[in-house]
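A.B. asks: Take a look at the following structure, please.
What follows draws every value from the coordinates through simple rules; no lab data is involved. Since the model is a prediction, treat every value here as computed from it, not as a measurement. Note that each Cβ is placed from the backbone with ideal geometry, even for glycine, and that neighbours are counted across all protein chains shown.
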Amino acid sequence: MDSFYLTSVPSHLCDFVSNEFVDIESSAAKTKRDGSVFNTKVRDTTVKFSPEFYWFNGVLNQIGLEANFKTGWNFNINQMETMQYAEYKPDQHYKWHMDVSVMRGFPSDRRLTIVCAMNDRSEYTGGQLQIKQMDGKTFEPELNKGDVIVFPSFLFHRVKPVKTGIRYSAVMWLNGPAFR
């Protein structure tokens, strides 16, 4: 089974989304899915959330469903979360974590994590996304504006500290019935 799926969207769509998010209020990112914990030692970034029926949610959802089929993961997907637009400034990061919260009592659990690079690598240094693959090796994709990676939400991953510039990404999760 593949550990990830790579594709891309046209970079002008990233510019369009970024322009639409300029006026949306941002907040410090939290480390718990239920929004209960701030811990900047684990996660230090700001985020904005899309409206429920935002058009780019549909684009990322379609990519996630395609990845689920083409990789053979075949997870039971029945829900998508709204897109999170993240901004990482110098020294901001997100340490090793998984996006799934099994045994937390939610009616659904995250199955797939979808990450779209919203700006080009030449605009910042550091900020690399790293994913621990199922074989234990660390994968560090070179994501440029418009590149999308999809991976199972139970894989450990992180965003290394940004050194210079600002890193922007759009993230979405596809969910399925709670794990048993």
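A.B. asks: Among all residue pairs at least 6 apart or on different chains, which show Cβ distances below 6 Å where the first residue, located in segment 45-74, is under 19 Å from Ser8 (Cα atoms) and the second is surrounded by 12 or more Cβ atoms within 10 Å (Cβ to Cβ) and among the small types (Gly, Ala, Ser)?
C.D. replies: Sorted first by the residue in segment 45-74, then by its partner, the pairs are Asn57/Ser50.
A.B. asks: From the list Lys48, Lys70, Lys41, exactly one residue is over 19 Å from Phe151 (Cβ atoms), surrounded by fewer than 17 Cβ atoms within 10 Å (Cβ to Cβ) and not hydroxyl-bearing (Ser, Thr, Tyr). Which is it? Reasoning before the result, please.
C.D. replies: Numbers: Lys48 fails: surrounded by fewer than 17 Cβ atoms within 10 Å (Cβ to Cβ); Lys70 fails: over 19 Å from Phe151 (Cβ atoms).
Step by step, each of Lys48, Lys70, Lys41 is checked, and only Lys41 is over 19 Å from Phe151 (Cβ atoms), surrounded by fewer than 17 Cβ atoms within 10 Å (Cβ to Cβ) and not hydroxyl-bearing (Ser, Thr, Tyr).
A.B. asks: Out of Leu174, Leu143, Leu155, report the one residue that is within 23 Å of Phe16 (Cβ to Cβ), aliphatic (A, V, I, L, M) and in a loop (DSSP other than H, G, I, E, B).
C.D. replies: On the way: Leu174 fails: in a loop (DSSP other than H, G, I, E, B); Leu155 fails: within 23 Å of Phe16 (Cβ to Cβ).
Step by step, each of Leu174, Leu143, Leu155 is checked, and only Leu143 is within 23 Å of Phe16 (Cβ to Cβ), aliphatic (A, V, I, L, M) and in a loop (DSSP other than H, G, I, E, B).
A.B. asks: Could you list, in sequence order, all residues of segment 129-160 that are under 23 Å from Phe56 (Cα atoms) and in contact with a Lys or Arg (Cβ under 6 Å, 6 or more places away or on another chain)? Full working, then the answer.
C.D. replies: Start the filter on segment 129-160 by keeping residues that are under 23 Å from Phe56 (Cα atoms), which leaves 129, 141-153, 159.
Asn144, Ser153 - these are the residues of segment 129-160 that are under 23 Å from Phe56 (Cα atoms) and in contact with a Lys or Arg (Cβ under 6 Å, 6 or more places away or on another chain).
A.B. asks: Please enumerate the residues belonging to segment 76-91 that are within 16 Å of His157 (Cβ to Cβ) and surrounded by 19 or more Cβ atoms within 10 Å (Cβ to Cβ). Give the derivation first.
C.D. replies: Initial filter on segment 76-91 (within 16 Å of His157 (Cβ to Cβ)): 84, 86, 88.
Once the filter is applied, which keeps residues that are within 16 Å of His157 (Cβ to Cβ) and surrounded by 19 or more Cβ atoms within 10 Å (Cβ to Cβ), segment 76-91 yields Ala86, Tyr88.
A.B. asks: Name the residue, out of Val148, Val162, that is under 20 Å from Lys48 (Cα atoms) and in contact with a Ser or Thr (Cβ under 7 Å, 6 or more places away or on another chain).
C.D. replies: Values: Val162 fails: in contact with a Ser or Thr (Cβ under 7 Å, 6 or more places away or on another chain).
Of Val148, Val162, the one residue that is under 20 Å from Lys48 (Cα atoms) and in contact with a Ser or Thr (Cβ under 7 Å, 6 or more places away or on another chain) is Val148.
A.B. asks: Would segment 167-179 turn up any residue that is among the charged types (D, E, K, R) and within 21 Å of Thr45 (Cβ to Cβ)?
C.D. replies: Within segment 167-179, the subset among the charged types (D, E, K, R) is 167.
Among the residues that remain, those that are also within 21 Å of Thr45 (Cβ to Cβ) are: 167.
Looking through segment 167-179, at least one residue is among the charged types (D, E, K, R) and within 21 Å of Thr45 (Cβ to Cβ).
A.B. asks: Ok, one more. When the residues of segment 99-158 are narrowed to those that are touching a residue at least 40 places away in the same chain (Cβ under 8 Å) and of a type in the set (Lys, Arg), which ends up surrounded by the fewest Cβ atoms within 10 Å (Cβ to Cβ)?
C.D. replies: Of everything passing the filter in segment 99-158, Arg104 is surrounded by the fewest Cβ atoms within 10 Å (Cβ to Cβ).
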